[in-house]
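Colleague: One structure, pasted below without further comment.
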Amino acid sequence: MTTLPVRPPLARSSDRVIAGVCSGLAAHLGWPVRNVRLAMVLAAFAGGAGLVFYAWLWIMVPTADEAARRSARRPASPIAPAVSQPGQGQAVQAPSPQRTAPDAGTAAGGNGKAPDGEAAPPPWFRAGGMRYGKEILLGCGLLLVAGIMVAQMLGVDVSLGTLIPAAAVLSGASIAWMQLDETRRAGLVDKTKADQAGGWGRLAAGLALVVAGVLVMVSGSGSWEQTWLALLASVAVLGGVVLVLLPWALKFWRDLEAERSGRIRETERAEIAAHLHDSVLQTLALIQRRAGNEHDVVRLARAQERELRGWLFQDPGRESGQLSARVKAAAAEVEDLLGNAVEVVTVGDAAMTEANEALVQAAREAMLNASRHGGGTVSVYLEASDGQTEIFIKDRGPGFELGEVPADRLGVRESIIGRMKRHGGSAAILSTADGTEVRLRLPAAAEHWEGKT
Amino acid sequence: MNMTQGTGPGSTRPASSVRVVIVDDHAIFRSGLKADLDASIHVVGEAATVEQAIAVIAGQRPDVVLLDVHLPGGLGGGGREVIAGSAALLSTTRFLALSVSDAAEDVVAVIRAGARGYVTKTISGAEITDAVHRVAGGDAVFSPRLAGFVLDAFGTAPADIADDELDKLSARELEVMRLIARGYSYKEVAKELFISIKTVETHVSAVLRKLQLSSRHELTKWAAERRLL
């Protein structure tokens, strides 16, 4: 019997009527869910064996979420959720195992919630704590059953009048506890997600059952008048207690919130400090050591400036995969490689296509040439409009004679002019004594043509 | 749009000395800049905050103020606030914005407040000296990046005749802005377009005026949306 909880594929499914035990079991055994449920109901009438078995599984078997999270710590995790729920008729397996189960839960019982929010407590801690609690609970339950049995064997008549209210209390508590299942608990704490009608309905039903059970047990054979009086008194006492405790609870909640936001701020600060330490401080140390070499110092400072700028001002609204970002990245690469500053100015932007990729590659080649032969700051200007995309790369070097180095010219011709032509664009190189400018042009029509083929 | 006064602008820069006030909250940067500027420029005052800057500018009445976009003090408006506080002197004192931030929002704000140009703090001493002389001569100084901002804000399509002239750039102004964005100096722009340097300066000044006076609400919106380029 104790082997049950250590079998990993057995997990309580989120496709549930009560606690997902039957469908989880069906998935585990490869049987139809309906048969398992029927068997469980039949067994329940056989002296309550089914009920005990069900409760046992409920307590001992983790939910699919929990199982997935537990196995996620092990490297071979992606298979586990697929193994644990193959019979659910889920044609599409969601890519993330953590997302699969709650989605199904939403469809089944209206009580699904995003599991992402509950990543805060370490799962091992949680799972460990729950395990312990479950064993105690199980022990108590078994002791209770044993006690009842022993009492009956000793001839004590266990009256239905006591058992029924007790059962009502237990089932009410169970229904309420379903809310507090592993996946629900974080949701209840996170109040924005707790206000789902189904969840509140269950909670209310559970509470009503418990209250009714307690009332019947307490009032026993007493008259209705007494019961009403007792009810009134209890409600009055409860109200008073709530009135007294509410300010404390609110204060506690606010303290908790304040502490949490404080912790978030602290984390942010630590992240910034860590980043500055890893980047700026290291670069400053390097600069101090290379103080004699002006070229190195400038290169280090430029690279660090670029990095810090990117980190500080990165606009999350702008996509990083756009053409302008690619051109800037190419410029940064050239800058790091050869040490000369490459200033990029962009006007407009375009999505990346195959033709635009060629444009970026040609521009990169031109930047490398400009930086290598120009020897000074390289100016890059990108203008993307509806009709066409243009990139200009300008340096202030001595300029190169077209017939100077045949091999180099071939490289320029192949990787700049040839590449642009192959993608429906054009390239022109203008070299004077004041510097060289490479002009790359790509009509939008060429992109479309490229995209269709 | 001829803004010359006394010595003419154009290719021959006036060799007469220009009185300059440097406004920047970093003492290291101020002293570095002072050392970088050439002998034709006299630094007559320095300031580190908005209040100091307004006081020093009013007291010294310099030809040019080198103004950092980001400054402590005042109401938090930085360089823009300094220009607003010195509005009475705007006809004799020119402001050249210096920035390290590159944020279009900041740069456009300070230009619209009345600065005659914008350069990045990383440019060389010779370039900044040249820019100071240019601004002192009444011209506008556009870095490639500022030209890029202008093109982005006004759009790259030339103005129709029906359009409000302040809201669009003419075809010629667009050409000039494009070349500046490509890294061309005024001289190179003039050569490329077969016009005189003076004409280039006139076009740039016209663009600056449009940038300052255009009521295009898109301009401010655009600058606010575009935190960085």
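The values are calculated or read from the model by the stated rules, or taken from the named source; none is laboratory data. Just so it is clear, the structure is predicted and the values come from calculations on it, not from any experiment. Methodologically, a virtual Cβ is constructed for each residue, glycine included, from the backbone with ideal geometry; neighbour enumeration extends over all protein chains shown. Areas reflect the complete protein model, heavy atoms only, side chains present, ligands, DNA and RNA absent. Shrake-Rupley method; radii C 1.70, N 1.55, O 1.52, S 1.80 Å.
Colleague: Contour minus end-to-end for A:Leu154 and A:Arg263, with contour as 0.36 nm per residue of separation and end-to-end as the Cα-Cα distance?
Modeller: On the way: separation 109, 0.36 × 109 = 39.24 nm, distance 5.96 nm.
Fully extending the segment from A:Leu154 to A:Arg263 adds 33.3 nm.
Colleague: At a probe size of 1.4 Å, how large is the accessible area of A:Thr283, to the nearest 10 Å²?
Modeller: 20
Colleague: Evaluate the distance, in nm, between pseudo-label points positioned 7 Å from the Cα of A:Asn35 and of A:Cys140 along their respective Cα→Cβ axes.
Modeller: So the two model labels end up 3.8 nm from each other.
Colleague: Per residue in region B:167-191, which ones lose no less than 20 Å² of accessible surface when going from chain alone to all protein chains (1.4 Å probe)?
Modeller: Output list: B:Arg178, B:Ala181, B:Arg182, B:Gly183, B:Tyr184, B:Glu188, B:Lys191.
Colleague: First measure r as the distance between the Cβ atoms of B:Leu213 and B:Leu193, then evaluate 1/(1 + (r/R0)^6) with R0 = 25 Å and state the FRET efficiency to the nearest 0.05.
Modeller: Details: r = 25 Å, r/R0 = 0.98.
That gives a FRET efficiency of 0.55.
Colleague: Additional query: Please compute the modelled spin-label separation between B:Ala35 and B:Ser124, points set 7 Å along Cα→Cβ, answer in nm with one decimal.
Modeller: It works out to 1.8 nm between the two label points.
Colleague: Report the gain in length on full extension from A:Ala43 to A:Val242: 0.36 nm times residue separation, minus Cα-Cα distance, nm rounded to one decimal. Write down the numbers at each step before the final one.
Modeller: Details: separation 199, 0.36 × 199 = 71.64 nm, distance 4.35 nm.
The A:Ala43-A:Val242 span can extend by a further 67.3 nm.
Colleague: Ignoring ligands, DNA and RNA and using a 1.4 Å probe, state the total buried accessible area between A and B in Å², rounded to the nearest 100.
Modeller: Details: alone 27690 and 10420 Å², together 36120 Å².
In total, chains A and B hide about 2000 Å² from solvent.
Colleague: From largest accessible area down, sort A:Cys22, A:Cys140; use a 1.4 Å probe on the protein chains.
Modeller: Values: A:Cys22 10, A:Cys140 80 Å².
Sorted descending by solvent-accessible area, the residues read A:Cys140, A:Cys22.
Colleague: Also, I was wondering about something else. Determine, from the Cβ-Cβ distance of A:Leu281 and B:Glu51 and an R0 of 30 Å, the FRET efficiency 1/(1 + (r/R0)^6), rounded to the nearest 0.05. Don't jump to the answer; show the numbers that get you there.
Modeller: On the way: r = 34 Å, r/R0 = 1.12.
E between A:Leu281 and B:Glu51, to the nearest 0.05, is 0.35.
Colleague: Related question: Fully extended, how many nm does the chain gain between A:Ala173 and A:Arg422 (0.36 nm per residue separation, minus their Cα-Cα distance)?
Modeller: Working: separation 249, 0.36 × 249 = 89.64 nm, distance 7.33 nm.
Taking A:Ala173 through A:Arg422 to full extension adds about 82.3 nm, to one decimal.
Colleague: Could you calculate the FRET efficiency of B:Val44 with A:Ala301 from 1/(1 + (r/R0)^6), where r is the beta carbon distance between them and R0 is 35 Å, rounded to 0.05?
Modeller: Details: r = 30 Å, r/R0 = 0.87.
Computed FRET efficiency for B:Val44 and A:Ala301 comes out at 0.70.
Colleague: Order A:Lys394, B:Lys168 by their accessible area, 1.4 angstrom probe, all chains in place, largest first.
Modeller: Working: A:Lys394 15, B:Lys168 50 Å².
So the residues, ranked largest to smallest area, are B:Lys168, A:Lys394.
Colleague: Could I ask something else about it? What net charge is computed for the residues neighbouring B:Tyr184, neighbours being all others with C-beta under 13 Å from the C-beta of B:Tyr184, Lys and Arg scored +1, Asp and Glu -1? It would help to have the intermediate numbers written out before the result.
Modeller: On the way: positive: A:Lys394, A:Arg396, A:Arg439, B:Arg178, B:Arg182, B:Lys187, B:Lys191; negative: A:Glu343, A:Asp395, A:Asp434, A:Glu437, B:Glu175, B:Glu188, B:Glu192.
Net charge in that neighbourhood comes out at 0.
Colleague: For B:Ile54, tell me the accessible area in Å² from a 1.4 Å probe, rounded to the nearest 10.
Modeller: Result for B:Ile54: roughly 50 Å² accessible.
Colleague: Going from most exposed to least, what order do B:Arg209, B:Arg182, A:Arg254 have by accessible area with a 1.4 Å probe?
Modeller: Working: B:Arg209 80, B:Arg182 20, A:Arg254 150 Å².
Ranked list, largest accessible area first: A:Arg254, B:Arg209, B:Arg182.
Colleague: Let me ask something else about it. Taking a probe of 1.4 angstrom, what is the accessible area of A:Arg302 in Å², to the nearest 10?
Modeller: That residue has around 50 Å² of solvent-accessible surface.
Colleague: Write down the Kirkwood hydrodynamic radius of region A:254-390, to one decimal in angstroms, obtained as one divided by the mean of 1/r over all alpha carbon pairs.
Modeller: Details: mean 1/r = 0.0575 Å⁻¹.
About 17.4 Å for region A:254-390.
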